[in-house]
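J.: Structure below; questions to follow.
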Number of protein chains: 2
Amino acid sequence: MAGKATRQQIVDAADQLFYSQGFDHTSFADIAAAVEISRGNFYYHFRTKDEILDAVIAKRLADRQALLASWDERGGTAQQRIACFIRIVIINQSKIMAWGCPVGTLTSELEKLEHASRNRANEIMALFRDWLVARFEEMGSGAAAQEHALHVLSWSQGVATLAQTFKDEAFVRREVEQILAWLEDLADGERSKDF
Amino acid sequence: MAGKATRQQIVDAADQLFYSQGFDHTSFADIAAAVEISRGNFYYHFRTKDEILDAVIAKRLADRQALLASWDERGGTAQQRIACFIRIVIINQSKIMAWGCPVGTLTSELEKLEHASRNRANEIMALFRDWLVARFEEMGSGAAAQEHALHVLSWSQGVATLAQTFKDEAFVRREVEQILAWLEDLADGERSKDF
DNA sequence: GCACCTTTAGGATGATTGTCCTAGATCGTC
DNA sequence: GACGATCTAGGACAATCATCCTAAAGGTGC
C-alpha cells in the first residue's frame, strides 16, 4: 500500500467531494479528512488544489471513456448504445437527485470561476458529444448526427438539473420514455431511407 | 439617496455576482467593492451572507413573477406566452453562454451546499413550473399539463447548460425552433380535440 | 443650535483557506 | 543491518473569510 494507493485514494475522495460539495467549496482539509491522512502527506502527492482538480478531471475522462467503450464492445445497434447513454439518468438517479450531473455541474462551476482547467472539464462533455455523434452517424443520421447528439446531451443535462431540484422520480422515468420513443422514431426513419 | 438606495444597490450587485461567480465564491468584500461602500456600511444593511442571499432570492422571485405577469397582461394565446418563455434562452443568450441559467445554477449550487435557503431558491423554479402548468392547462392539455410544463422547463435547463459549455449559438437556435415546432404540434392536437 | 436617529467608515477578531517546510517513519536493496 | 529513496506527520505561514465593534458623519425635528 505505497503512495500509489494513497494518491488514488486522494483522487477518489476528491472526485466524490467535488461532486457532492462542489470544487470551490471543498478544502484540502476536507479531502485529507476523507482519506484520513495528514495535510503534509497530502501535500506530498498534490502541491496545489489545481493539480488535484486536473487529476480528478483526468480520472473522470478515463472513467467515461471506459464506460462508453464497454457499451461499444458489448455490441448491439447504435440505437441500443445510445439508449444506454440515456438510461444513465435512471441508473444514477439517486446521485443525480442529490448532486446533479457530475459533468454538467463541474463544467458550470469552473466556467463561473473562470478556472484555468475549465476547458479540460469541457472535454468530458465533448467526449459524450463526439461519441453520440459517431453513434448517430452509425445510425444513418448523416449531417444531422451532430444536431441529434447535442439534443440528447442537452436533454440529459436538463433532466439532471430538474431531478436535482424537484427530486421527482416519475418525471425522470417519463422523460426517459419520451426520448427513447423519439430515438426509436428516428431509427425507424433512418432505416426507411434505405428503401 | 438614503439607505433604501444603498440596500437596493447591494442586492443588485450581489444578484449579479452570485450569478457570474456563484454564491459561495462571492465574498462580502466583492460585493462591497462592486457597490463602492465600506464593509461596515454593508454590515449595517446585511448582518450575514445568508441574509443577502435571501434578499437576492426574493428579488429574483419578484422579477420573474413580474416578467411572467407582463406576458400574461400583454394577452395572446397560451401557446404564444409559452413561446415567450422558450425564447428567453435567445434573449439572454450572451449571459447564458457565460454563466448558464441564473435559476438552475443557483438551485444546483445551493443543493450541493445543503444551504438552508435552497428550498427558497427552488421556489423560483417552481414558479416557472406552475406558470407553465397553468398555460398548458389553458391550452387544453388537461392532466398532461404538468408533464408538458416540466418538459419545457427541463429543456430550458439543458439548453442553458450546453450553451454555457460549448457556446454554440446555432445549437441554441435549432433547439428553440424544435421545441417551438413541438409546441405548435401540441397546440394543433389540443385544438383538434374540440371537434 | 441642540438632541436624536439613520447611515457610513474602517479597524479588530477568530476561524479557515491554500501553500510550504522540516523532521521523522517506512521501505526496498545491497 | 545499513543506506538512500519514498512516504508520512504535523506545525507555520500569510491571506482571506464572515462577522462584529466603535466612532463619526449626515439628516431631521424642535
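The values are calculated or read from the model by the stated rules, or taken from the named source; none is laboratory data. Just so it is clear, the structure is predicted and the values come from calculations on it, not from any experiment. Cβ sites come from the backbone with ideal geometry, for glycine too, and all protein chains shown count toward neighbours. Protein only, heavy atoms only, side chains kept; ligands, DNA and RNA dropped before computing areas. Shrake-Rupley method; radii C 1.70, N 1.55, O 1.52, S 1.80 Å.
J.: So which residues in segment B:174-186 are within 11 Å of chain A (Cβ to nearest Cβ) and under 20 Å from the mean Cα position of the chain (by Cα)?
T.: B:Glu175, B:Ile179
J.: From the list A:Asp30, A:Asp24, pick out the single residue that is closer than 26 Å to B:Thr26 by Cβ and not in a helix (DSSP H, G or I). Reasoning before the result, please.
T.: Numbers: A:Asp30 fails: not in a helix (DSSP H, G or I).
Just one listed residue meets the conditions, A:Asp24.
J.: Is at least one residue of segment B:143-153 of a type in the set (Asp, Glu), part of a helix (DSSP H, G or I) and free of Cβ contacts under 8 Å to residues at least 60 places away in the same chain? Please lay out each step first, then the result.
T.: Here is the first cut: in segment B:143-153, the residues of a type in the set (Asp, Glu) are B:147.
Okay, now just the ones that are also part of a helix (DSSP H, G or I), so B:147.
Add one more test, that the residue is free of Cβ contacts under 8 Å to residues at least 60 places away in the same chain, and what stays is B:147.
The answer is yes, given that some residue of segment B:143-153 is of a type in the set (Asp, Glu), part of a helix (DSSP H, G or I) and free of Cβ contacts under 8 Å to residues at least 60 places away in the same chain.
J.: Turning to a different aspect of this structure: What are the residues in segment A:108-141 that are outside any helix (DSSP H, G or I) and surrounded by fewer than 21 Cβ atoms within 10 Å (Cβ to Cβ), if any?
T.: From segment A:108-141, those outside any helix (DSSP H, G or I) are A:114-117, A:140-141; that's our starting set.
Answer for segment A:108-141, where residues must be outside any helix (DSSP H, G or I) and surrounded by fewer than 21 Cβ atoms within 10 Å (Cβ to Cβ): A:Glu114, A:His115, A:Ala116, A:Ser117, A:Gly140.
J.: Looking at A:Ala32, A:Ala14, which one is out of contact with any strand residue (DSSP E or B) (no Cβ under 9 Å at 6 or more places or on another chain), at pLDDT 95 or above and away from DNA strand D (no atom under 13 Å from the Cβ)? Full working, then the answer.
T.: On the way: A:Ala32 fails: away from DNA strand D (no atom under 13 Å from the Cβ).
Among A:Ala32, A:Ala14, only A:Ala14 is out of contact with any strand residue (DSSP E or B) (no Cβ under 9 Å at 6 or more places or on another chain), at pLDDT 95 or above and away from DNA strand D (no atom under 13 Å from the Cβ).
J.: Quick check on segment A:35-60: of everything there that is more than 14 Å from chain B (Cβ to nearest Cβ) and of a type in the set (D, E, K, R), which residue is farthest from DNA strand D (Cβ to nearest atom)?
T.: So, considering only residues that are more than 14 Å from chain B (Cβ to nearest Cβ) and of a type in the set (D, E, K, R), the one farthest from DNA strand D (Cβ to nearest atom) is A:Arg60.
J.: B:Ala66 versus (1) open to solvent by 30 Å² or more (accessible area, probe 1.4 Å); (2) near DNA strand D (Cβ under 10 Å from one of its atoms); (3) more than 14 Å from chain A (Cβ to nearest Cβ): which is the lone unmet condition?
T.: (2)
J.: Give segment B:160-173 a look and list any residue that's free of Cβ contacts under 8 Å to residues at least 40 places away in the same chain and within 19 Å of A:Val159 (Cα to Cα), or say none. Can you show your working first?
T.: First, the residues of segment B:160-173 that are free of Cβ contacts under 8 Å to residues at least 40 places away in the same chain: B:162, B:165-166, B:168, B:170-171.
Those that are free of Cβ contacts under 8 Å to residues at least 40 places away in the same chain and within 19 Å of A:Val159 (Cα to Cα): B:Leu162, B:Thr165, B:Phe166, B:Phe171.
J.: Taking the options A:Thr6, A:Thr77, A:Thr26, name whichever one is open to solvent by 20 Å² or more (accessible area, probe 1.4 Å), within 16 Å of DNA strand C (Cβ to nearest atom) and of a type in the set (Val, Ile, Thr). If you could, list the steps in order and put the result at the bottom.
T.: Details: A:Thr77 fails: within 16 Å of DNA strand C (Cβ to nearest atom); A:Thr26 fails: open to solvent by 20 Å² or more (accessible area, probe 1.4 Å).
When all the criteria are applied, what remains is A:Thr6.
J.: If A:Ala66 meets every condition in (1) near DNA strand C (Cβ under 9 Å from one of its atoms); (2) assigned by TED's automatic domain parsing to the domain that holds A:Asn122 apart from one, which number is that one?
T.: Status for A:Ala66: all satisfied but (1).
J.: Follow-up. Working carefully through the options A:Ala144, A:Ala160, A:Ala181, find the one that is touching a Cys at 6+ places or on another chain (Cβ under 6 Å) and either open to solvent by 10 Å² or more (accessible area, probe 1.4 Å) or assigned by TED's automatic domain parsing to the domain that holds A:Ile88 (or both). Quick ask: steps written out before the conclusion?
T.: Numbers: A:Ala144 fails: touching a Cys at 6+ places or on another chain (Cβ under 6 Å); A:Ala181 fails: touching a Cys at 6+ places or on another chain (Cβ under 6 Å).
Testing whether each residue is touching a Cys at 6+ places or on another chain (Cβ under 6 Å) and either open to solvent by 10 Å² or more (accessible area, probe 1.4 Å) or assigned by TED's automatic domain parsing to the domain that holds A:Ile88 (or both) leaves just A:Ala160.
J.: Please go through segment B:29-47 and give me each residue that is of a type in the set (D, E, K, R) and either exposed (fewer than 13 other Cβ atoms within 10 Å of the Cβ) or within 9 Å of DNA strand C (Cβ to nearest atom) (or both), ordered by number.
T.: So the first thing to find is which residues in segment B:29-47 are of a type in the set (D, E, K, R), and the list is B:30, B:36, B:39, B:47.
Correct list: B:Glu36, B:Arg39, B:Arg47.
J.: Being open to solvent by 50 Å² or more (accessible area, probe 1.4 Å), within 22 Å of B:Cys101 (Cα to Cα) and away from DNA strand C (no atom under 11 Å from the Cβ): is that true of B:Asp15 here?
T.: Working: open to solvent by 50 Å² or more (accessible area, probe 1.4 Å): no; within 22 Å of B:Cys101 (Cα to Cα): yes; away from DNA strand C (no atom under 11 Å from the Cβ): yes.
So B:Asp15 does not fit the description; no.
J.: Continuing with the same structure: Of all residues in segment B:163-178, count the ones that are open to solvent by less than 50 Å² (accessible area, probe 1.4 Å) and either within 12 Å of B:Ala83 (Cα to Cα) or not assigned by TED's automatic domain parsing to the domain that holds B:Cys101 (or both).
T.: Number of matching residues: 1.
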